[in-house]
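Quick notes on the structure that follows.
The values are calculated or read from the model by the stated rules, or taken from the named source; none is laboratory data. Computed from a predicted structure; not experimentally measured. Cβ coordinates were reconstructed from backbone atoms using ideal geometry, including for glycine residues, and neighbour counts include every protein chain displayed. Protein only, heavy atoms only, side chains kept; ligands, DNA and RNA dropped before computing areas. Shrake-Rupley method; radii C 1.70, N 1.55, O 1.52, S 1.80 Å.
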Amino acid sequence: MTAYLAGRLVSLVASLLVASIVIFLVLEVLPGDPAQFILGMNAQPDTLAALRTQLGLDSPPLTRYLDWVLGMLRGDFGISYTYRVPVAELVGQRIGVSVPLAIYALALTVLLAFPAGILAAVKRNTPTDVAVMGVTQIGVAIPNFWFAMILVLIFAVTLRWFSAGGFPGWDEGFWMGMRALTLPAIALALPQASILARVMRSSLLDTLGEDYIRSARAKGLTERQALWRHALRNALIPVLTIIGLQFAFLLAGGIIIENVFFLPGLGRLIFQGITQRDLIVVKSVVMLLVCAVIVVNFLVEVSYVIVDPRLRRR
């Protein structure tokens with residue numbers, strides 16, 4: 001088990017290093033000058049040069065990369081070109097929206113997908129199975145931004161149960177914040193729940209066909225007992241993999257939903273940074289999200305050891 005965890009840690013560190021290099025290089029080759037964007041097209045050359053020096057844009061690429069990486073290790077993400085405040089401060093303001101939204105959406109995903117996937121597997125090749133798989137196929141096919149607009153039309157415009165967008169802040173109360181995140185969370189959760197339900201069904205069907213399940217049934221266990229005691233736990237490894245990937249997607253990929261609902265989250269911060277050529281914000285926030293994705297995947301791999309005891313002997 002120690003060797004397994006050590007190997008995963010080495011992979012985590014290597015992934016973070018490669019990701020930081022790729023992010024830095026991709027943003028380096030993008031056209032446009034942040035200093036020119038800030039000062040405008042009519043700025044004087046000496047003014048542009050002074051601003052580039054102030055922002056550190058005139059340093060060699062390797063120096064800027066090392067300063068950026070070492071700064072992040074110290075918790076210093078740099079100073080925003082546009083807002084002239086620490087990027088860490090901007091992240092702190094936005095992460096209180098993106099992380100609860102991702103957790104809320106993931107919880108809805110699991111609550112919807114697990115019963116649907118288990119029901120479809122138990123009722124294999126019955127009208128119930130066909131109905132569940134049909135609904136999940138629709139869920140996969142519907143774009144989440146289109147579904148988000150339908151939710152706004154029904155529940156915000158017509159029924160007036162929820163607001164059409166915006167976030168009141170957690171200072172207004174926990175339930176007010178959760179209410180504002182409900183429609184975005186549902187819009188994010190529907191496609192992910194559809195995918196997870198199909199994976200749950202497929203994995204559970206594979207497990208139910210194993211010899212040890214037939215042996216358990218032959219020893220007197222009912223179908224329900226064999227399902228809950230043996231099949232479900234052994235079917236969870238591919239499901240956990242998908243859940244880890246989905247949380248990473250919900251955290252890093254909510255930019256469209258955040259813009260549909262005008263939520264001040266990390267996704268919208270990246271979008272604003274791109275449009276304003278605030279590259280230090282884009283680099284740092286994207287790296288933070290990539291780090292979250294890699295760490296979540298690491299935790300998922302560690303959870304394999306808990307779910308499958310065979311890995312503890314490696």
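Note on region 104-127: residues that are within 16 Å of Pro191 (Cα to Cα) and surrounded by 14 or more Cβ atoms within 10 Å (Cβ to Cβ) amount to 11. Just to be sure before I move on: is Leu62 within 30 Å of Ala35 (Cβ to Cβ), open to solvent by 50 Å² or more (accessible area, probe 1.4 Å) and either in contact (Cβ under 8 Å) with a residue 40 or more places away in the chain or part of a helix (DSSP H, G or I) (or both) in the structure I sent? Yes: the conditions hold for Leu62. Just a yes or no: is a residue in region 141-154 crowded, with 17+ Cβ neighbours inside 10 Å, in a helix (DSSP H, G or I) and β-branched (Val, Ile, Thr)? Checked against the condition, which is being crowded, with 17+ Cβ neighbours inside 10 Å, in a helix (DSSP H, G or I) and β-branched (Val, Ile, Thr), region 141-154 yields at least one hit. Only a single item in (1) within 20 Å of Ile255 (Cα to Cα); (2) open to solvent by less than 40 Å² (accessible area, probe 1.4 Å) is not met by Ser163, and it is number (2).
Taking region 128-137 as the range and being farther than 12 Å from Arg198 by Cβ and open to solvent by 60 Å² or more (accessible area, probe 1.4 Å) as the test, only Val130 passes.
Do the conditions hold for Leu101, that is, is it over 15 Å from the mean Cα position of the chain (by Cα) and surrounded by 15 or more Cβ atoms within 10 Å (Cβ to Cβ)? So Leu101 fails the test.
Filtering region 167-185 for residues that are of a type in the set (Ser, Thr, Tyr), open to solvent by 30 Å² or more (accessible area, probe 1.4 Å) and over 24 Å from Thr241 (Cα atoms) leaves an empty set. For first residues located in region 273-297 and farther than 18 Å from Tyr65 by Cβ, partners that are among the hydroxyl-bearing types (Ser, Thr, Tyr) and part of a helix (DSSP H, G or I) and lie 6+ apart or on another chain with Cβ distances below 7 Å form the pairs Ile294/Ser15. Restricting the search to helices (runs of 4 or more DSSP H) fully inside region 204-291 and requiring at least 3 residues that are modelled with pLDDT under 80 and out of contact with any Ser or Thr (no Cβ under 8 Å at 6 or more places or on another chain) gives 211-218, 223-226, 236-252. If you filter region 18-62 down to residues that are β-branched (Val, Ile, Thr) and modelled with pLDDT of 85 or more, you find that the one that is farthest from Asp278 (Cα to Cα) is Val18. Could you go through region 123-140 and let me know if any residue there is touching a Pro at 6+ places or on another chain (Cβ under 8 Å), under 30 Å from Val281 (Cβ atoms) and at pLDDT 85 or above. The answer is no; no qualifying residue exists.
You will find that of Leu27, Leu16, Leu12, the residue that is open to solvent by less than 70 Å² (accessible area, probe 1.4 Å), over 29 Å from Glu172 (Cβ atoms), touching a Cys at 6+ places or on another chain (Cβ under 7 Å) and touching a residue at least 40 places away in the same chain (Cβ under 8 Å) is Leu16 and no other.
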